[in-house]
Amino acid sequence: MKSVTSRPLASTANSAPAGDGLLVWRTRESSRHLLLAMVYSLGIAVATGVLLLLPLENEHLTLVALVTHLVAGVLAFVFFVPFLFIHLKDGRESLLSLFLPWRLLRRVYRGETLYHRLLGYLLMWCLWIVFASGLVIAFPAIAYLAGRPMTLLPYGGHAALLRIHLGVSGFLLVVLLLHFPKRVLS
């Protein structure tokens, strides 16, 4: 039986291991571009979210900011999902850790330094909460624009969910700054 050794991430798609059939397109450059696209989308979503918190008197500017916020949030989610799986694979983490992050705590008790990894899991769960709450908040407006007005939550539920969305978004920014490496992304 042959032993399987891990190889560093190749710089070209042609030298990807045979077992990575679905990730043949993946290179260090494509992973970096995926990360940067997600970060830029999140940056636009944060900027437009802050703009939406301000008391704007121009309804057209508010509508443009809202649509930009929704599109940037959806794009960030689209870039987040593949980046998450690639990032976990590169860090040699199992996908089960997505749903059972407390498994890492056993390793912390044994003395392993997992500060950065625990921040990453906290960041991941914050992103999931922000994306899910944003979609539930946006659903009534999208349904209304589609000509089928409906809501998912009882009366007043959207206001509480908006407060959760805002609170977790602020916490997310702090965790994101702590999680990023100290070197410049270039």
Discussion item. Give me the extension gain from Leu100 to Tyr40: residue separation times 0.36 nm, minus the current Cα-Cα distance, reported in nm with one decimal.
Written reply: 18.7 nm
Discussion item. Given an 8 Å cut-off on Cα distances and at least 6 residues of separation, report the relative contact order of the range 110-179 as a percent.
Written reply: 47
Practice prompt. Quote the charge dipole size of the range 25-91 about the Cα centre in Debye, to the nearest 20; the model charges only the Cβ of Lys and Arg (+1) and of Asp and Glu (-1).
Written response: 420
Worksheet item: Simple spin-label model, 7 Å along Cα-to-Cβ: Leu162 to Leu61 in nm?
Response: 1.9
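Just so you know, all these numbers are worked out from the coordinates, no wet-lab data involved. Here the structure is a predicted model, which means the values were calculated and not measured. Quick reminder, even Gly has a Cβ in these numbers, built from the backbone with ideal geometry, and neighbours come from all protein chains shown.
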